[in-house]
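The values are calculated or read from the model by the stated rules, or taken from the named source; none is laboratory data. In this text the structure is predicted, and so the values were computed from the model without any measurement. No Cβ is skipped: glycine too gets one built from the backbone with ideal geometry, and neighbour counts run over all protein chains shown.
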Amino acid sequence: MENNQPSAASENEEVLFRWDHHIKMLFNATLWKTFFAIFGIPLTLLGLFIKFAGKVHNVLLPMLGIFAFFFVIWVITGIIIDLMGGFFATYVITSKGIYFASGKKERAIANAATLVGALAGSLGATGAGLLARSEQDASIEWAKVKKVKVSAGSRYIFIREGFGSKPIGLYCNKENFPQVLALVQSKFKR
């Protein structure tokens, strides 16, 4: 198999389309929506819970402080990642499913974070590294696809098996988006 091609493709399935993509972080609307969902919604709900529990009179300032802390870390991380060229990803669409694999650099960073965290005795850093390692590869069979969401403006296709499964986000470029979308739509029959 080619370098960085996901190894999940078996001999009896036909590779229909393959492409590599560098995913930028700072100006990626999909990632920003995820950021606000991950940090904004829980902090808002926590603040409302604390406020209505009557324990604290002014919860707005601490909640905004926590949100601002994560926002600054997100922006700094985005600047570093984008200056390094973004996340490298390889996508393969086959007759049986979709496969995703991250690049060598991303794998090395996840492995290094795990090792450094373990050597430093930091459970948090080790856990973050292990979590990053678990997100290196993903595959979904066409028969198991439950949801396809298309964001044509950002040339992004979100594919999920079902609730609780690891989704795959297909980042496309101007040239391949129409072809990738047509392939996904032809394979996902609802």
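Couple of notes before you dig in:
- Cβ pairs under 7 Å, 6+ apart, first in the stretch 136-156 and under 16 Å from residue 96 (Cβ atoms) and assigned by TED's automatic domain parsing to the domain that holds residue 176, second surrounded by 14 or more Cβ atoms within 10 Å (Cβ to Cβ) and among the hydroxyl-bearing types (Ser, Thr, Tyr): 139/99
- For the stretch 79-115, the set of residues classified as more than 17 Å from the chain's Cα centre (by Cα) and either modelled with pLDDT under 75 or within 28 Å of residue 181 (Cβ to Cβ) (or both) consists of 93, 94, 95, 96, 97, 108, 111, 112, 113, 114, listed by residue number.
- For the stretch 98-111, the set of residues classified as of a type in the set (Val, Ile, Thr) and in a strand (DSSP E or B) consists of 98 only.
- Which numbered condition residue 1 misses (of (1) aliphatic (A, V, I, L, M); (2) modelled with pLDDT under 80; (3) surrounded by 12 or more Cβ atoms within 10 Å (Cβ to Cβ)): (3)
- If you go through the stretch 43-97 and pick out every residue that is farther than 24 Å from residue 27 by Cβ and part of a loop (DSSP other than H, G, I, E, B), you end up with 8.
- Scanning the stretch 156-190 for residues that are of a type in the set (Lys, Arg) and within 15 Å of the chain's Cα centre (by Cα) yields 160, 166.
- Being within 30 Å of residue 99 (Cβ to Cβ) and either in contact with a Pro (Cβ under 7 Å, 6 or more places away or on another chain) or surrounded by 11 or more Cβ atoms within 10 Å (Cβ to Cβ) (or both) holds for only one residue in 46, 16, and it is 16.
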